[in-house]
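Some notes on the structure that comes next.
The values are calculated or read from the model by the stated rules, or taken from the named source; none is laboratory data. Computed from a predicted model, the values in this text were never measured in an experiment. Virtual Cβ from ideal backbone geometry, glycine too; neighbours counted across all protein chains shown. For the accessible areas, the whole protein counts, side chains as well, though only heavy atoms, and no ligand, DNA or RNA atoms are used. Shrake-Rupley method; radii C 1.70, N 1.55, O 1.52, S 1.80 Å.
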Amino acid sequence: LAGRTSEEVVRRYLQKVRNPPEEDCTICMESLCGPSGYKGPGVGGISRAESVGRLSQCGHQYHLQCLVAMYNNGNKDGSLQCPTCKTIYGVKTGNQPPGKMEYHVIPHSLPGHPDCKTIRIIYNIPPGIQGPEHPNPGKPFTARGFPRHCYLPDSEKGRLVLKLLLVAWDRRLIFSVGTSSTTGETDTVIWNEVHHKTEFGSNLTGHGYPDSGHLDNVLEELRAQGITEEECLRD
Ligand code: APR
Ligand code: ZN
């Protein structure tokens, strides 16, 4: 995808709309029958402001210019996510900084999972300098509380979650750089949108066991990032 312009990337996922419906574009809130309301940088020289496209799988329609602006505001990885229904086009990746993910089985059971052992995942990310995909490129970022230890039951479903978390790690979707909602610190490594259990034998933080819905919740959160078992079997 290197070398493609943003407009070319976006157009791959669109079908032409000749007669736009009498509806608003939910990105800019202007009518699809008129020009895009997007006034920011990065759209000069691209297609006519009134071009409208339909996303090929979900069918939601937007101004082409609005989709290009949205794409340019993200990390420009060649993927696009419908802002209405979250359908992902291409492979979604994140901006997790470099680091290490390891795991092993420990011979103890988690509360609520008495019949199996436990998988411990260890994430380690050192502090560094933000890249162009981060909120403040060139500025340092901190990394607190690493190595972070997380726990899954070593059951069939727990091992499936582990497998998908490994894919999420490779796609840089487990952590991101931003403002911690727990500490308020800016420019720091934070959990992205996939919940992890960081307490082993207790549940003092709310991020521990027992939690009978946890594995299903994580599978749902991974699906929202475009990571499913079916999709992983494909590649
Ligand atoms: N364990 C697991 N998940 C957590 C924790 C925690 N202790 N604290 C917050 N989260 C979840 C939140 O529920 C939210 O969904 O992470 C998401 C982002 O929260 P932030 O506070 O922005 O994340 P971060 O600063 O990375 O984490 C706060 O988590 O693992 C610990 O050492 C870490 O103390 C730090 C805390
Ligand atoms: Zn629009």
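Data overview
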| quantity | calculated |
| --- | --- |
| Leading residue by the ranking (surrounded by the most Cβ atoms within 10 Å (Cβ to Cβ)) among those in region 145-188 that are touching a helix residue (DSSP H, G or I) at 6+ places or on another chain (Cβ under 7 Å) and among the small types (Gly, Ala, Ser) | 168 |
| Selected residue (criterion: farthest from ligand 1 (Cβ to nearest atom)) from residues of region 171-187 that are hydroxyl-bearing (Ser, Thr, Tyr) and in a loop (DSSP other than H, G, I, E, B) | 186 |
| Residue check, residue 133 within 19 Å of the chain's Cα centre (by Cα), more than 16 Å from ligand 2 (Cβ to nearest atom) and modelled with pLDDT under 95 | yes |
| Pairs where the first residue, in region 24-38, is assigned to a loop (DSSP other than H, G, I, E, B) and of a type in the set (A, V, I, L, M) and the second is within 16 Å of ligand 1 (Cβ to nearest atom) and at pLDDT below 95, C-beta under 6 Å, 6+ apart | none |
| Residue match in region 87-95 (condition: among the basic types (Lys, Arg), surrounded by 13 or more Cβ atoms within 10 Å (Cβ to Cβ) and within 18 Å of the chain's Cα centre (by Cα)) | yes |
| Search result, residues across region 64-99 that are within 16 Å of ligand 1 (Cβ to nearest atom) and either among the polar types (S, T, N, Q) or not in a loop (DSSP other than H, G, I, E, B) (or both) | 95, 96 |
| Single match in 41, 35, 98 (criterion: open to solvent by 60 Å² or more (accessible area, probe 1.4 Å) and at pLDDT 95 or above) | 98 |
| Residue identified as crowded, with 18+ Cβ neighbours inside 10 Å, touching a helix residue (DSSP H, G or I) at 6+ places or on another chain (Cβ under 8 Å) and within 17 Å of residue 20 (Cα to Cα) among 64, 80 | 64 |
